[in-house]
Structures are given as structure tokens and as C-alpha cells.
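J.: Okay, here's the structure, questions in a sec.
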Amino acid sequence: MKRQVSTLDAIPSKRLFLSIIADYDLNKAICELVDNGLDVWTRAGRTGAIRIQVRLDGELGTIQVEDDAGGLARDELRYIVGPGQTGSSASDQTIGIFGVGTKRAVVALARDVRIKTRHGSGDTFQIEFDESWLGDEEWELPLFEVDPISPRTTLVELQKLRVQITEDARKQLRDHLGATYAEFLSLPEVSILLDGVSVDPRFFDGWSYPPDYGPRRFRGSITTSGGGIVDVEVIAGLSSESSPTAGEYGVYFYCNDRLVAPAMKSFDVGFTTGQAGKPHPKISLTKVIVRLRGEAVAMPWNSSKSDISTKHAVFLALHDWLVTVVAAYAKISRTWMGIWPEKVYAYRAGDVVDVEIGDFLTARKSHLPDPPKSKPRLPERMASRNAGLVRRSPWVTGLFEGVVAAETISKQPLAHANWFALNLLDLTLTAALRSYFVNEAKSGLAERGLKKLLTRAPHVASELKDAVPLDGETWVQIENLARRKDDLTYGRTEPTVANDELRAADVLVRRVLAILHKVRTDA
Ligand SMILES: Nc1ncnc2c1ncn2[C@@H]1O[C@H](COP(=O)(O)OP(=O)(O)OP(=O)(O)O)[C@@H](O)[C@H]1O
Ligand SMILES: [Mg+2]
């Protein structure tokens, strides 16, 4: 059943305004006003110069944001106060699209708001409201004509601030403006001044250029469901420096030239196990800078342009490819951890390699460099160090492998790791003596005689000492090790071996291997 019984009043309440105060800080709110000036300039074809001035007065507690982008025409004035009203059309490549920026920003910053605007060199109008207007349900506002301001200018004046203007806040705002509008600020036509001083652009693309692993610039597009084209440019590479504590790595998103999300390290861009891995200093050289250009509706930003909307269709279209790229460079960063200075930072200059992607939705990962080989592990390193020797004296393999096995065991999270390692070293020592006796001294001793000879506790047989060229001090150490192992094996208490003791045994065994068999253990 469906039958209309009455109508309901669904007129919005001005409380709507107040609900957003908590969502905005100084930086975000000021940027909304800067965005609007830049949008007017963009809609007019980006011709001519534009200057946006932000002034903060901590003592008076006032903020002014002024631009000379053109001003609002009389019939556009309502756009600046009516929630949801906008002068942008869906196809504009602007920043503004939601029709809420100015209104939320001014209310979040101040209790007293005055906006003056002069379209071209026409009349100067002023709109003003304060908390009492926000408190009642009257939506009409008086419109004033006032003394003329400079032509083509819009001036937002805020008093009775809800935010604190501290020195720190001022500095942070300068940094934030420099990073957010870096693309605009590098154009000669655009200037932004904070308290009368030009804001400098701040970019994040300091790259290293290791051979084969330098930065790559991928270009292509994404077609939206509405048939619109978003131009995509992604530069991925290894950073020229690591600053894990400052967190300056990850994915940077620019939409229509505005930085929306710096240094993203979330699950959504691949920073999770099985992809790039969780954020960690090891992968802190990973840097991927994404630049999207297209209709404002196609930009995957949130309504305050302070983050990426990861549910947006354009972000989703880019997602799989993006994650592959992030993971690839994270892998290189991780593989070379510990040797970054020679493998990465040493290459300070080079070219960015251009790669045409076409459609990002169907892009493949073959556009990426093959990951570098990981540093070989100890067993391989030791084997290659002794490769020549093994060809001549194959029996040495078991000797250096004994040292590797002991070292490997000692690093295991086992309560008795040192004890097991000491046994392996002792075994290796016995093997070294036996091998020497059999292979180098060419003794014809039968097996039973050999066993007796090699039993070193409590004393090394003089026959062994005579046949094997080691100095007196080394024989003392060999006897000590044998006695100690005996005591630990057959004593009543649980065997415990201190790190120092294990280290001394390790040094002894390596020395014996070097003297008797020329084995190199410095791999
Ligand atoms: N400084 C300005 N100069 C000229 N016109 C402006 C200025 N600021 C705002 N406007 C007009 O007011 C409209 C509303 O601005 P507002 O920031 O509220 O929304 P928006 O920019 O359209 O969208 P968004 O909410 O995404 O920022 C703009 O579209 C523009 O037409
Ligand atoms: Mg706006």
C-alpha cells in the first residue's frame, strides 16, 4: 500500500554548518579559500597572473584571504553562501566541485565572517554573517554595496576566530601551502603570499638513479563510466634519501595540480603484508607520485580535498596497477637495505625513463624493472669464496660448512643455541685435524689408530702434535675446548655456553681451518 498522507518539512537547518567545525583545521580551511581563487583562474583559461594573499593576525585574532582572480558577478554571489551552490560545472578541470568549501571553511575558522567582492571593475559587494545568523533559521542575507576594493578582487575577512594563530601554526601553514600548491606555484603566473612573503613550492621528488632501477614515468589514462578521460602520470622510483621518522615516503597524490594526499602508507596503496609490506624503515626509499588531471567529478578526493577517497571509481581503476608498482620499488628498497649508500644514493643524477601505459585499468606489470637479486646468504657466500680450493681439495667443503652451520644455529631463537653451536665447532675441529692427517700428512694410520689419536681430551697425543703444524698456544686452546666440551657433556648441570666463549671457539676453529687447509671464512 502506498498513499500520501501529508508533506514533511525537509528544509535543512543551519546546524549543518556547525557540524563541520570539528572537521577543519587552519590548514584545511585556508586551502578551501585558496582553491577557489585558483578555480576562477582555471575556468578563465589560466591566462594572466593571479595573486592570492593570506594574512594572519595573531594579536587582533583575524584572518584575511584575498585574491585577484576576477571577483564574483552579482548573480553569482549566492554561490558563496548557499551550501551546495557552486559556479563549477561538472566538466571543469577545477578543484571545487562539491559546493561546500567556502561555507564550511569560514564557519570553521570564525564567528564573524565578511566577504567583499568586486567583479571586474564593477560595484563592490559585501556579504556578512555572524553567529546569530547561524543560530536562526532565516536563510536570507542582506547584501551591501560598500566602498570599492581593488578591481577583480575577492576578500574574505574573518574575526572572532575559533582557531589559535601561533607561530607554529603559521610555519605549518606555510609548509602546507608550499606542498599543496607546488604545481601552481612553479608557474610564473601564480603567486601565493603568506603575511606578505611569497610561499615557495615544495616538491617530494628527490630521486636516485641506480642503473636499471632509476625512476620511471608512466603515462596513460583512465576512462570514466561517464566517458570522461582522466590523464594519469605516475613517477615511481627510489628516493634520494631516507627519512623514515619524518615519514617522507609512500604514495603522493596530486589531483588537478593540487596535492591531496602526501606520503600515503595505507593498506589501500599496497602497504600491507604480501604486497609492499607494512610501513617500515626498510622500505622507506619507496616513492610513487601520482598526478591525475580531468573533470573535477572524476577526481578521487574527499570533500575537503585532504585525502583520497579509496572507494572512488578512478582510484579503484588505478588500484591494482598502483599496488604492483609500490610493491616493486619497496622490494628493491628492502633488498638493498644496509647497502643503500653504494647501491642507491651514489647515483644522484640520471634520466627518468618514460613508459607509455595506455589504459591503466588493463596495464600489466611487465613495465617494471626485474627486482635485483637478493644478497646471497652465508652458505652461498662461503662456498663461492672457497670455490677454487674445493676443486683442488674437495674435503674442505665439510669444514667451512661446519663454521656456517655453527653460526646459523647460534642465531636461532633457541635457549641452547650456543651449546649446539659449540658442538658443531668442536666437531669441525676434529674433522679439520682428521682431514689434515689423512689428506695432507698422508698418514697410513688405520681407522682405529686414527680414532685414538684424534681423541683430544684430556691431552692431545704428541704424535698428533708432531704431525700437524700448529703452534703451542693453539694446541693449548684446542685442549681447553676439548676439556670444556667433555665437562659440559658429562657434567651434572645443564650445559650453558656464554657468547664470549662461543666466539673464542669460533675464532680458534677458523684459524685452524686457515692454517691447515687454507680455507677462507671471511665471506
Ligand atoms: N574567491 C572567489 N572568487 C570568485 N568566485 C568564488 C570565490 N570563492 C568562491 N567562489 C564561487 O563560489 C562557488 C562556491 O565555492 P565553494 O568553495 O563553496 O564550492 P566549490 O568550490 O564550488 O566546491 P568545493 O566544495 O568542492 O570547494 C564557487 O564555485 C565559485 O563560483
Ligand atoms: Mg571550493
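The values are calculated or read from the model by the stated rules, or taken from the named source; none is laboratory data. In this text the structure is predicted, and so the values were computed from the model without any measurement. All Cβ positions, even for glycine, are placed from backbone atoms using ideal geometry, and neighbour counts span all protein chains on display.
J.: As an exercise: evaluate Val65 against (1) more than 15 Å from ligand 2 (Cβ to nearest atom); (2) under 30 Å from Glu137 (Cα atoms); (3) surrounded by 14 or more Cβ atoms within 10 Å (Cβ to Cβ) and give the number of the one condition it does not meet.
T.: Failing condition for Val65: (1).
J.: Here is a check on your reading of the model: is Leu141 crowded, with 16+ Cβ neighbours inside 10 Å, touching a strand residue (DSSP E or B) at 6+ places or on another chain (Cβ under 8 Å) and closer than 27 Å to Ser303 by Cβ?
T.: no
J.: Which residues, taken from segment 237-253, are crowded, with 20+ Cβ neighbours inside 10 Å and either more than 19 Å from Ala179 (Cα to Cα) or not β-branched (Val, Ile, Thr) (or both)?
T.: Scanning segment 237-253 gives Gly237, Leu238, Ser239, Ser242, Tyr249, Gly250, Tyr252, Phe253.
J.: Would you pick out the residues in segment 127-146 that are part of a strand (DSSP E or B) and in contact (Cβ under 8 Å) with a residue 40 or more places away in the chain?
T.: Result: Ile127, Phe129, Leu143.
J.: Now, a different point. Looking for whichever is more than 19 Å from His280 (Cα to Cα) and among the small types (Gly, Ala, Ser) here; the options are Gly250, Gly226. Which one fits?
T.: Answer to the check: Gly226.
J.: Additional query: Is there a residue being on the phi < 0 side of the Ramachandran plot, in contact with a strand residue (DSSP E or B) (Cβ under 7 Å, 6 or more places away or on another chain) and of a type in the set (Ser, Thr, Tyr) anywhere in segment 99-108?
T.: Looking through segment 99-108, none of the residues is on the phi < 0 side of the Ramachandran plot, in contact with a strand residue (DSSP E or B) (Cβ under 7 Å, 6 or more places away or on another chain) and of a type in the set (Ser, Thr, Tyr).
J.: A further question follows. Might you let me know whether segment 269-280 holds any residue that is under 22 Å from Phe98 (Cβ atoms), touching a strand residue (DSSP E or B) at 6+ places or on another chain (Cβ under 8 Å) and without any contact (Cβ under 8 Å) to a residue 60 or more places away in the chain?
T.: Checked segment 269-280: no residue is under 22 Å from Phe98 (Cβ atoms), touching a strand residue (DSSP E or B) at 6+ places or on another chain (Cβ under 8 Å) and without any contact (Cβ under 8 Å) to a residue 60 or more places away in the chain.
The rows are residues; the columns are (1) under 27 Å from Thr362 (Cα atoms); (2) hydrophobic (A, V, I, L, M, F, W, C); (3) in a loop (DSSP other than H, G, I, E, B); (4) in contact with a helix residue (DSSP H, G or I) (Cβ under 6 Å, 6 or more places away or on another chain).
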residue	(1), (2), (3), (4)
Arg202	no, no, yes, yes
Asp205	yes, no, yes, no
Asp212	yes, no, yes, no
Arg219	yes, no, no, no
Ile222	yes, yes, no, yes
Gly226	yes, no, yes, no
Glu233	yes, no, no, no
Ala236	yes, yes, no, yes
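J.: Go through segment 43-76 and count every residue that is touching a strand residue (DSSP E or B) at 6+ places or on another chain (Cβ under 6 Å), more than 21 Å from Phe184 (Cα to Cα) and more than 14 Å from ligand 1 (Cβ to nearest atom).
T.: Final tally of qualifying residues: 4.
J.: Among the residues of segment 107-120, count how many are within 9 Å of ligand 1 (Cβ to nearest atom) and of a type outside the set (Ser, Thr, Tyr).
T.: 2
J.: OK, next. So, in segment 12-21, of the ones that are in contact (Cβ under 8 Å) with a residue 60 or more places away in the chain and either out of contact with any helix residue (DSSP H, G or I) (no Cβ under 8 Å at 6 or more places or on another chain) or within 12 Å of ligand 2 (Cβ to nearest atom) (or both), which residue ends up nearest to Leu155 (Cα to Cα)?
T.: The qualifying residue nearest to Leu155 (Cα to Cα) is Leu16.
J.: Does Ala73 meet the test of being in contact with a His (Cβ under 7 Å, 6 or more places away or on another chain) and away from ligand 2 (no atom under 16 Å from the Cβ)?
T.: Yes: the conditions hold for Ala73.
J.: Which ones in segment 355-375 are surrounded by 10 or more Cβ atoms within 10 Å (Cβ to Cβ) and in a strand (DSSP E or B)?
T.: Val355, Ile357, Gly358, Asp359
J.: Is there a residue in segment 376-391 that is within 22 Å of the chain's Cα centre (by Cα) and assigned to a helix (DSSP H, G or I)?
T.: no
J.: Do you know which residues across segment 298-353 are among the basic types (Lys, Arg) and either surrounded by 18 or more Cβ atoms within 10 Å (Cβ to Cβ) or under 24 Å from Leu285 (Cα atoms) (or both)?
T.: Selection gives Lys305, Lys331, Arg334, Lys343, Arg348.
J.: Also: Filter segment 79-106 down to the residues that are of a type outside the set (S, T, N, Q), surrounded by 23 or more Cβ atoms within 10 Å (Cβ to Cβ) and more than 6 Å from ligand 1 (Cβ to nearest atom) and list them by number.
T.: Across segment 79-106, the qualifying residues are Ile95, Arg104, Ala105, Val106.
J.: Is it the case that Ser150 is polar (S, T, N, Q), within 16 Å of ligand 1 (Cβ to nearest atom) and either in the same structural domain as Thr47 (by TED's automatic domain parsing) or surrounded by 18 or more Cβ atoms within 10 Å (Cβ to Cβ) (or both)?
T.: yes
J.: Would you mind telling me which numbered condition in (1) touching a residue at least 60 places away in the same chain (Cβ under 8 Å); (2) over 27 Å from Asp522 (Cβ atoms) Leu433 fails?
T.: (2) is the only condition that Leu433 fails.
J.: Could you check segment 79-126 and list, in sequence order, the residues that are hydroxyl-bearing (Ser, Thr, Tyr), within 13 Å of ligand 2 (Cβ to nearest atom) and assigned to a loop (DSSP other than H, G, I, E, B)?
T.: Thr86, Ser88, Thr94
J.: Okay, moving on. Kindly list, by first and then second residue, each pair from a residue in segment 53-72 that is farther than 18 Å from Lys160 by Cα and assigned by TED's automatic domain parsing to the domain that holds Arg174 to a residue that is aromatic (Phe, Trp, Tyr) and in a strand (DSSP E or B), limited to pairs with Cβ atoms under 8 Å and residues at least 6 apart or on different chains.
T.: These pairs meet every condition: Leu72/Phe125.
J.: Which condition breaks for Asn386 when tested against (1) touching a residue at least 12 places away in the same chain (Cβ under 8 Å); (2) closer than 29 Å to Ala498 by Cβ?
T.: Of the numbered conditions (1) touching a residue at least 12 places away in the same chain (Cβ under 8 Å); (2) closer than 29 Å to Ala498 by Cβ, the odd one out for Asn386 is (2).
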